[in-house]
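Report on the structure given below.
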Amino acid sequence: MIRLSIEVISETLRTILTRVGFSNERAALCARLFAETSRDGVYSHGLNRFPRFIGAISDGLIDVNAEPSLVESFGALERWDGRLGPGNRNSKHDDDDRATKESKDTLVVHSMPPSRG
């Protein structure tokens, strides 16, 4: 069995993602999330999913530049539109830090359809 470090896997995936249109920063985050997911044992959302993810980008089903947007907010409940962006990357949008801080005082429910990949 060949063993590769998480760094080598992440860098390889990042290179592929930049070739299909991701910016370097977005590719690095998305690649790291794919690699870490496999490392953590969630194979269905890690490297096993990557070829289908690249195919969905090629087919125009995933917008590599999409940014999630807040649609509605009801106190601690928020509804987000993933805008057909990469699902793992959308789950790490900038407002996650705000939601984490708010969750210390109240329950936060996070919902974000539709994302793909």
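Within the stretch 14-57, restricting attention to residues that are touching a Gly at 6+ places or on another chain (Cβ under 8 Å) and among the aromatic types (F, W, Y), the residue that is surrounded by the fewest Cβ atoms within 10 Å (Cβ to Cβ) is F53. Taking the criterion of being among the charged types (D, E, K, R) and farther than 21 Å from G21 by Cβ, the residues of the stretch 42-94 that qualify are E72, E78, R79. Here the stretch 58-80 is the region considered, the condition is being outside any loop (DSSP other than H, G, I, E, B) and crowded, with 19+ Cβ neighbours inside 10 Å, and the residue that is modelled with the lowest pLDDT is E78. Taken together, D59, D40, D81 contain a single residue that is among the acidic types (D, E) and under 15 Å from the mean Cα position of the chain (by Cα), which is D81.
Results for (1) over 17 Å from S91 (Cα atoms); (2) out of contact with any strand residue (DSSP E or B) (no Cβ under 9 Å at 6 or more places or on another chain), shown as yes or no for each residue.
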| position | (1), (2) |
| --- | --- |
| S10 | yes, yes |
| A31 | no, yes |
| G41 | yes, yes |
| G46 | no, yes |
| F53 | no, no |
| I62 | no, no |
| L70 | no, no |
| D81 | no, no |
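The values are calculated or read from the model by the stated rules, or taken from the named source; none is laboratory data. A quick note: this is a predicted structure, and the numbers were derived from the prediction, not measured. Positions of Cβ are backbone-derived with ideal geometry, glycine not excepted, and every protein chain shown enters the neighbour counts.
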